[in-house]
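Input: a single structure, listed below in structure tokens.
Nothing in this text is a laboratory measurement; each read-out follows from the coordinates by a stated rule. Quick caveat: nothing in here was measured; it's all calculated off a predicted structure. Here Cβ is always computed from backbone atoms with ideal geometry, including for glycine, and neighbour counts include all displayed protein chains.
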Amino acid sequence: MVLQLDGAGPLHQQVYRAFRNEILGGERAPGERVPSTRALADLLKVSRNTAVSAYEQLLAEGYLETRVGAAGTVVAPVLPPGRLALRPPARPGSQRRPSRRATVRLAIAGRTILGAARAVNRSLGLASLTWELHPPHMRYDFRPGRAAFGDLPYALWCKLLAARARQARLRDLDYGPPQGRAELRQAIAARLRRLRGVDASPERIVIVSGTQQALDLISRVLLNPGDRVLIEEPHYTGARCAFLAAGAELVRAPVDDEGIRIPRAAAGRRPARLAYVTPSHQFPTGVVLPIARRVALLEWASRVGAFIVEDDYDSEYRYDGPPLPALTGLDRDGRAIYVGTFSKILFPALRLAYLVLPASLVEPVTAAKAIGDAGTATLEQLALADFIGLGHFDRHLRRTNASNAARRNALVAAIHREFGERADVCGANAGLHLLVWLKGRSGGTIKDVAHKAAEAGVGVFSVDPFYLEPPRRTGIVLGYAPLSERDVREGIGRLAQALG
Ligand SMILES: Cc1ncc(COP(=O)(O)O)c(C=O)c1O
């Protein structure tokens, strides 16, 4: 008998694994007698204790049995059939990865999800779907979608979170309601009524782990594979992958200077089931949807029986006047679904967002949430309810509105100064990013622009991935909230220099 030890981890586990592999691999027959622990220790030049520990584990798991009398310890007579040789655990630090392309028969839903993720990865140049920083952070990083992290009253947030953790009663450590904690839903409802013109009772609010989960839940309960979804062109890629993952057929609704236009295809024989819109600050063009088009959209939805998903991701930042009321506030027919997030005003790692649903969708969406993850983490919900209730959220918003306006002003001025007639700025009056169309041959193709910018330490991001059919012009989306005014000015100066 030559037992093959694999050299990984403690000796008794190596002996245990070697025996187990031989038994499962059929090299030791059921009922076969195994050496005594003393004989095994001699044979393998290990201590007796090592042999005893290995046998104890094999006995406990049923690979070996002890027989009273002469037979001693034997291989269990009844074992699972087949050759199941088990691999040793990876050595610490070793990089044994499962093959990415290992074949497994996925369900239709699994294949559709993977297809959606890979399609979006291709357009964003990602290896796998993620919202993390990518590519490496640049000195002057104008990546869109980031909040003003430096302005956060983070110490205060930590204090509130710690207080909730300290005060937690036993029942606060148990599962929370899948719909979300009432304290937070009440705080959100009061703000929405006051500031967004949305008459949201807490009963119609569902707390979710980010806009992304909101879109996933909506897709699950409303879309069949093949259903049409009207999506702005250009649009937020997170929405695109949620709808594609549900097997939806995307119908592009072009965005002009006044926002989304409803295409004929949306109302034909096979009308869209859902429309996804960002009316307060279209992503990524920044256009604000005027009232006539809002009403037309709601009328279309009522006529064809579609739902409208209003993604109100960054509307509370508005620099040239008060925020516009949300489209959902105009809905009289239960067609609008409102999605709000805390990723833009606070920070995305919080993973807290909310849905305001028509009454008809509260039960199915809450059920999908309960089945999906049994509810969002509760201590953060309670701390956020305190943060809002004690007035910190509004104070932070007022402060960041002023600091983001200053960054926005610095950015627009720098673009005018450095590029003059060669650049058109869009969507600068709200949100945390703006779009710049580079005219003529400023810097060449978007790839050239991004490359030259990166060499100068400036991270700029093409508008192309936000289109299903990228435009011929060169557009860059510039996020500015995490940058200082000085960095904004320097970054644009370096960009202009790099593009020549
Ligand atoms: C249009 C749009 N909606 C929503 C979000 C936020 O998503 P989440 O709430 O999942 O962090 C973003 C973030 O970049 C966005 O650009």
Handout entry: GLU203-ARG48 pseudo-label distance in nm [points 7 Å out on the Cα-to-Cβ vector]
Key = 7.5
Fill in the blank from the handout: Within the under-12-Å Cβ sphere about ALA498, not counting ALA498, Lys/Arg +1 and Asp/Glu -1 give a net charge of -1
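What does the charge dipole of the stretch 380-475 about its Cα centre add up to, to the nearest 20 debye, if the Cβ of each Lys and Arg holds +1 and the Cβ of each Asp and Glu holds -1?
So the magnitude is around 360 debye.
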Handout entry: Partner aspartates and glutamates for LYS45 [C-alpha distance under 16 Å; skip if fewer than 8 residues away on the same chain]
Key = ASP6
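Rank these for me by crowding, HIS396, HIS137, HIS451, HIS433, going from fewest to most other beta carbons within 10 Å. Intermediate values should be presented prior to the final figure.
Numbers: HIS396 19, HIS137 9, HIS451 13, HIS433 25.
The most exposed by this proxy come first: HIS137, HIS451, HIS396, HIS433.
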Handout entry: Net charge contributed by nearby residues that have their C-beta within less than 13 Å of ALA410 (K/R +1, D/E -1)
Key = +1
Problem - Under 17 Å from the Cα of LYS439 - aspartates and glutamates, other chains or at least 8 residues apart - result: GLU418, GLU421, ASP424, ASP448, ASP464
Problem - Reachable lysines from LYS159, criterion Cα separation under 28 angstrom, eight or more residues apart if same chain - result: LYS344
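Considering only the other residues whose Cβ falls under 9 Å of the Cβ of ARG164, what net charge follows from Lys and Arg at +1 and Asp and Glu at -1? Numbers along the way, then the final one.
Details: positive: ARG166; negative: ASP172, GLU380, ASP386.
After counting each charged neighbour, the total is -2.
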Fill in the blank from the handout: Taking GluC sites (Glu not before Pro) as exposed when in a DSSP loop with at most 16 other Cβ atoms inside 10 Å, the chain has its longest clean stretch at 259-500
Fill in the blank from the handout: For PHE393, PHE283, ascending order of other Cβ atoms within 10 Å (fewest first) is PHE393, PHE283
Exercise for the section: Kindly state, to the nearest 0.05, the FRET efficiency for ARG303 paired with LEU468, given R0 = 25 Å and r defined as their beta-carbon distance. Expected result: 0.50
Practice task
Kindly point out which whole DSSP H helices in the chain project their C-alpha atoms 15 angstrom or further along the helix axis while averaging a Kyte-Doolittle hydropathy of -1.0 or above.
Solution key: 11-24, 48-60, 108-124, 154-167, 211-222, 291-304, 359-373, 378-389, 392-419, 485-499
Handout entry: Order of TYR467, TYR55, TYR276 - criterion: other Cβ atoms within 10 Å of each residue's Cβ, fewest first
Key = TYR467, TYR55, TYR276
Handout entry: Within the chain, percent of DSSP bridges classed antiparallel, to nearest 5
Key = 60
